[in-house]
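S.K.: Okay, handing you the structure first.
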Amino acid sequence: MIKKLSTLLFIAVMVFADNVDAQIPSLKNVFKNDFLIGTAMNAQQIEGKDAAADELIKQQFNAVTPENCMKAEIIQPGWDTYNFDLADKLVAFAKKNNIKINAHNLIWHSQLPGFMHHMQSADSVREYFINHITKVASRYDGKVYSWDVVNEALNEDGTLRKDIFLDKLGDNYIVEAFRLAQKAAPHTKLYYNDYNIEQPKKRAGAIALIKKIQAAGVRIDGVGIQGHWKAGAVPMADIEESIKEFSALGIDVMFTELDLSVLPSPWDKVTADVSETAQGSAKMNPYTKELPDSMQRVLAKSYADLFTLFMKYKKQIGRITFWGVNDGQSWLNGFPIHGRTNYPLLFDRNFKPKRAFYSVIATAKNH
Ligand code: 9MR
């Protein structure tokens, strides 16, 4: 019996070792005195159907953000009909493994429930807005560490995005979202989250927004700079300036969806607006077999530069979250062109650490 058990254990260890190497350094450990290190979790991983990813998450990360399962279309699929199944599983996984959850998100113009799409009445939008925030935020108060209360509310020029909430509720809706979240989730940190807010105009818009929330006497604890950038072209000076300016507002700064695309962009702009897609071509998908060493180096250098900067401002930075566990699981394989092979993260498609992983580790004090 004991022999049988030890054989089984041996096989299990071999299978595990095949995917996740227990010997590699751990991001969460090497940065434990600096900031939280997070990853996004998809449904498979939350359901426990991706054992290798789950092992790597436990080994490397002390923060997780649900990639999709707490978004409105999933958590409230029908009017006043909620589905907390996956979100509750995530809470259980995180509790068991001592991981902090950044819940994502309460108010966002995208991935709204179907019933919102043609909603005309301002009263109905208001009812949805109040009920959704109150119900979802209060359920997870004390169970999640933080909420992205409002996500991506700004245009590139810093003005407010013309979405259903602005249209029906007016330009105070963001302050109201934070006020409702503060009431429903008194033990949860409350954040504003967006992409490109390191860019000067959009950053100025975000600062004005945060000041407006603060001036209303409403709590906002932090700002999330998403960090969807390009390897070899990371806007370092803008990022540094943003850390300074946002932290001067007395709030935490987070990098919340970090990934560095290595593929050519069909446009001359950087965006994470999922409504923008483009046509594919072989030229646009140059590394279908593997990422050449020259590009691995570019990626590693960009990550090293970023983490060197993050370490410089570790007092101001609360968390760095990567948007996915391994390259094969990144949204960037499908955006802005479907079916490409991208390599934006620290772990390859077999969960093996890349050169970029070691370049990040090397920036830590205790590696
Ligand atoms: O990674 C997410 C992807 O699985 C979804 O299909 C997509 C749909 O909107 O959302 C992605 O995550 C986004 C995040 O929630 C907000 N910032 C931009 C992210 C990448 O699109």
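The values are calculated or read from the model by the stated rules, or taken from the named source; none is laboratory data. On a predicted model such as this, the values are computed, not experimentally measured, just so you know. Cβ sites come from the backbone with ideal geometry, for glycine too, and all protein chains shown count toward neighbours.
S.K.: Taking only the range 332-362 into account, find how many residues are among the hydrophobic types (A, V, I, L, M, F, W, C), touching a residue at least 60 places away in the same chain (Cβ under 8 Å) and farther than 15 Å from residue 56 by Cα.
M.R.: Looking only at that region, the number is 6.
S.K.: Another one. Output the residues belonging to the range 334-349 that are more than 23 Å from residue 243 (Cβ to Cβ) and either more than 14 Å from the ligand (Cβ to nearest atom) or surrounded by fewer than 19 Cβ atoms within 10 Å (Cβ to Cβ) (or both).
M.R.: Quick first cut of the range 334-349, residues more than 23 Å from residue 243 (Cβ to Cβ) only: 334-343, 347-349.
Hits for the range 334-349 are 334, 338, 339, 340, 341, 343, 347, 348, 349.
S.K.: Let me ask you something else. Going through the range 133-145 one residue at a time, which ones are in contact with a strand residue (DSSP E or B) (Cβ under 7 Å, 6 or more places away or on another chain) and part of a helix (DSSP H, G or I)?
M.R.: The initial filter retains those residues of the range 133-145 that are in contact with a strand residue (DSSP E or B) (Cβ under 7 Å, 6 or more places away or on another chain), namely 133, 136-137, 140, 144-145.
Those that are in contact with a strand residue (DSSP E or B) (Cβ under 7 Å, 6 or more places away or on another chain) and part of a helix (DSSP H, G or I): 133, 136, 137.
S.K.: In the range 110-131, how many are within 16 Å of the ligand (Cβ to nearest atom) and either buried (at least 17 other Cβ atoms within 10 Å of the Cβ) or not in a loop (DSSP other than H, G, I, E, B) (or both)? Please lay out each step first, then the result.
M.R.: In the first step, residues of the range 110-131 are kept if they are within 16 Å of the ligand (Cβ to nearest atom); the result is 110-114, 116-117.
After this cut, where a residue has to be either buried (at least 17 other Cβ atoms within 10 Å of the Cβ) or not in a loop (DSSP other than H, G, I, E, B) (or both) as well, the list is 112-114, 116.
The total comes to 4.
S.K.: Can you tell me which residue in the range 206-244 is farthest from the chain's Cα centre (by Cα), limited to those that are of a type in the set (A, V, I, L, M, F, W, C) and within 16 Å of the ligand (Cβ to nearest atom)?
M.R.: If we filter the range 206-244 for residues that are of a type in the set (A, V, I, L, M, F, W, C), which is where we start, we get 206-210, 213, 215-216, 218, 220, 223, 225, 229, 231, 233-234, 236-237, 239, 243.
Imposing the further condition that a residue be within 16 Å of the ligand (Cβ to nearest atom) reduces the set to 206, 223, 225, 229.
Numbers: 206: 18, 223: 12, 225: 9, 229: 13 Å.
Within the range 206-244, the match that is farthest from the chain's Cα centre (by Cα) is 206.
S.K.: If only one of 315, 365 is free of Cβ contacts under 8 Å to residues at least 40 places away in the same chain, in a loop (DSSP other than H, G, I, E, B) and more than 16 Å from the ligand (Cβ to nearest atom), which one is it?
M.R.: Details: 365 fails: free of Cβ contacts under 8 Å to residues at least 40 places away in the same chain.
Just one listed residue meets the conditions, 315.
S.K.: For the range 84-109, give me each residue that is surrounded by 13 or more Cβ atoms within 10 Å (Cβ to Cβ), out of contact with any helix residue (DSSP H, G or I) (no Cβ under 6 Å at 6 or more places or on another chain) and of a type in the set (S, T, N, Q).
M.R.: 102, 105
One line per residue, one yes/no per condition, for (1) in a loop (DSSP other than H, G, I, E, B); (2) within 23 Å of residue 160 (Cβ to Cβ); (3) modelled with pLDDT of 95 or more:
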position: 207; (1), (2), (3): no, yes, yes
position: 212; (1), (2), (3): no, yes, yes
position: 219; (1), (2), (3): yes, yes, yes
position: 234; (1), (2), (3): yes, no, yes
position: 240; (1), (2), (3): no, no, yes
position: 243; (1), (2), (3): no, no, yes
position: 246; (1), (2), (3): no, yes, yes
position: 254; (1), (2), (3): no, yes, yes
position: 272; (1), (2), (3): yes, yes, no
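S.K.: Here's something else I'd like to know. Pull out all pairs, ordered by first then second residue, where Cβ-Cβ is under 6 Å, the residues are six or more apart or on different chains, the first lies in the range 93-109 and is within 15 Å of residue 45 (Cβ to Cβ) and modelled with pLDDT of 95 or more, and the second is among the acidic types (Asp, Glu) and not in a loop (DSSP other than H, G, I, E, B).
M.R.: 104/148
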